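Right, one structure below, let's go through it.
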Amino acid sequence: MHTYHTPLDLVRERSPERPVALVRPDAVAVAARWFQDKFQGDVFYAVKANPSPWVIRTLAENGVNSFDVASIREVELVAEHAPGGRMAFMHPVKSRRAIERAYYDFGVKTFSFDTHEELAKILEATGGADDLSLIVRLAVATDGASYSLAGKFGAETHEAPSLLLAARRATQDRMGVSFHVGSQCMRPTAFQAAMAQASRAIVRAGVVVDVVDVGGGFPSVYPGMIPPDMSDYLDSVQRGFSEMMVTEGAELWCEPGRALVAEGTSMLTKVELKKGDALYLNDGSYGSLFDAAHVKWPFPVKLYRGAADAHEVAGPLKPFRFYGPTCDSLDHMPGPFWLPEDVREGDYVEIGMLGAYGVAMSTGFNGFGDAETVEVRDAPMASMFGLAGRSIRTPRDEQADDRKVVRLSRPKGAAGKKRRKR
């Protein structure tokens, strides 16, 4: 992997034709060490957020050596790039063959499920093994999430007690509960509320629980989404854990994905055409910009001029929307993405905070999606861990602030006169 000090150095040296994933291993390392130092339990990286080999290696080298896997391919990746890493198969629905291979070929002994049928499948596929750690996935409220994951997985309130009892009877090792408050959770207290829900289910079932897995949902920074400090989330988890009806020796787990890797990658894309306020790029929703298209997240951006006079472009900003390179009209990212109004064909747009669910979502549709990967040494565009500012403001934010100032500074008498005229 080639290394450049900044993305601009790459543009200066060789104007790339393909999209380029600009990776920052140091940012991932800092996040890994922060979670290892601050979280009072076991940290499992959710591999689905970014399965790149360099990510898995960087996390393992910096203390995060446990992994939440959802498929045999992810199991194989961890076994190859973090030998000896601990794995938990936390997808609640798995094929029998996947369970067999995970258990017999890779020594995976922790499995999640949310139905009696899936529990029976796990027991049958492992030959009735008595050394399994069985984790019941519970449905919880996801009101604080920017992207709710409710509906597909999780045992509902009326189903949970019997499933917890069945799991307790099925294993001589650990039995636990897990849940997910939703992706990009903006409310730290959502974790404490979910743990209270889980605790009530445990009490109704009358079982002893060995593991409480609070899942993922730990956020990153995006325009319009400035989360509270990460320590607030861990404080909420710790308060919730202290109030749960579990044994003193119960283990506390978490499964951060986005929070560990979002700052670790940005994408360098090339402007192929400018049409009014629309920019046609060589990457899009079938590449690394799935969330920009389908969840409509306005990721932060920078503009670089290519060719002989390569430089970062400044100047008055205006909102743009993006189109990707495929022939599908769904390949559209509405933004708004605030860029200098002087953007032109041949320029490069760096799209930040794409380390989570960026390259992981890329396809080869229409013959596109073949991105290059290089390492850069500059800071991410924002950071929850002190590498950059913890906010990304746009001209729209500033305009809103200006309107607030105008309303707040209105003379007191003005409102009174209006009321007398009615």
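Things to note:
- Within the chain, helix-based [θ] at 222 nm, where runs of 4 or more DSSP H residues each add -39,500 (n - 2.57), nearest 500: -9000 deg cm²/dmol
- Prolate/oblate/rounded label for the range 263-396 (Cα gyration tensor, a/c 1.5): rounded
- Taking the three principal axes of the alpha carbon atoms in the chain, the coordinate ranges are 68, 67, 39 Å, sorted in descending order.
- Taking every alpha-carbon pair within the range 172-223, the share separated by more than 13 Å comes to 61 percent.
- Taking each of 270/296; 109/296; 48/318 in turn, the alpha-carbon distance tops 32 angstrom for 109/296; 48/318.
- Tensor-based shape of the range 37-92 (alpha-carbon gyration tensor, a/c under 1.5 rounded, otherwise prolate or oblate): oblate
- Rg and Dmax [Cα atoms of the range 25-261; Å; Rg one decimal, Dmax integer]: 16.7, 50
- For the range 289-302, putting each phi into the Karplus relation 6.51 cos²θ - 1.76 cosθ + 1.60 with θ = phi - 60° gives couplings of 10, 3, 5, 5, 8, 8, 9, 6, 7, x, 5, x, 9, 9 Hz, in residue order, rounded to whole numbers and with x for Gly and Pro.
- 5 angstrom amide H check on residue 251, placed H, neighbours 5+ away: 211, 212
- The range 197-278: GluC sites (Glu not before Pro) falling in loop per DSSP and having at most 11 other Cβ within 10 Å: 248
- Amide H contacts of residue 140: 180, each under 5 Å away and 5 or more positions distant or on a separate chain (H built 1.01 Å from N in the peptide plane; Pro and chain starts excluded).
- Residue among 188, 127, 259 farthest towards the positive dipole end of the range 25-261, charges placed on Cβ: 127
- Surrounding net charge for residue 387, when Lys and Arg each add one and Asp and Glu each subtract one, Cβ distance under 14 Å: +1
- Taken one residue at a time, the phi angles of the range 326-343 give Karplus couplings (6.51, -1.76, 1.60, θ = phi - 60°) of 7, 8, 8, 5, 6, 7, 9, 10, x, x, x, 10, 8, 10, x, 5, 7, 4 Hz. Gly and Pro are set to x.
- In the range 235-307, one over the average inverse separation of all distinct C-alpha pairs is 16.6 Å, which is the Kirkwood hydrodynamic radius.
- Debye, to nearest 20: dipole size of the chain, +1 on Lys, Arg Cβ, -1 on Asp, Glu Cβ: 2540
- Loop trypsin sites (Lys or Arg not before Pro), the range 263-338 (other Cβ atoms within 10 Å of the site Cβ: 12 or fewer; DSSP): 296
- Convex hull volume of the C-alpha atoms in the range 191-271, normalised per residue: 117 Å³.
- Listed peptides 161-171, 23-33, 367-377 appear in the order 23-33, 161-171, 367-377 once ranked by packing, highest mean of other Cβ atoms within 10 Å at the front.
- Estimated dipole of the range 266-400 in Debye, rounded to 20 [Cβ of Lys and Arg +1, of Asp and Glu -1, Cα centre]: 380
- For residue 283, the residues whose amide H sits under 5 Å from its own are 270, ignoring neighbours fewer than 5 places away on the same chain, with H placed 1.01 Å from N.
- Kirkwood Rh and Cα Rg combined as Rg over Rh, evaluated for the range 136-253: 0.99
- For the range 25-261, share of DSSP beta bridges that run antiparallel, in % to the nearest 5: 10
- For the range 1-54 versus the range 222-246, the gap between their alpha-carbon centres in whole angstrom: 24
- For the range 83-99, the Karplus equation 6.51 cos²θ - 1.76 cosθ + 1.60, evaluated at θ = phi - 60°, returns couplings of x, x, x, 7, 10, 10, 8, 9, 6, x, 10, 9, 6, 4, 5, 5, 5 Hz by residue, with Gly and Pro reported as x.
The numbers here are math on the coordinates, done by the rules we state, and not lab data. Bear in mind that the values here come from a model prediction, so they are computed numbers and not experimental data. As a convention, Cβ positions derive from the backbone with ideal geometry for all residues, glycine included, and neighbour counts pool all protein chains shown.
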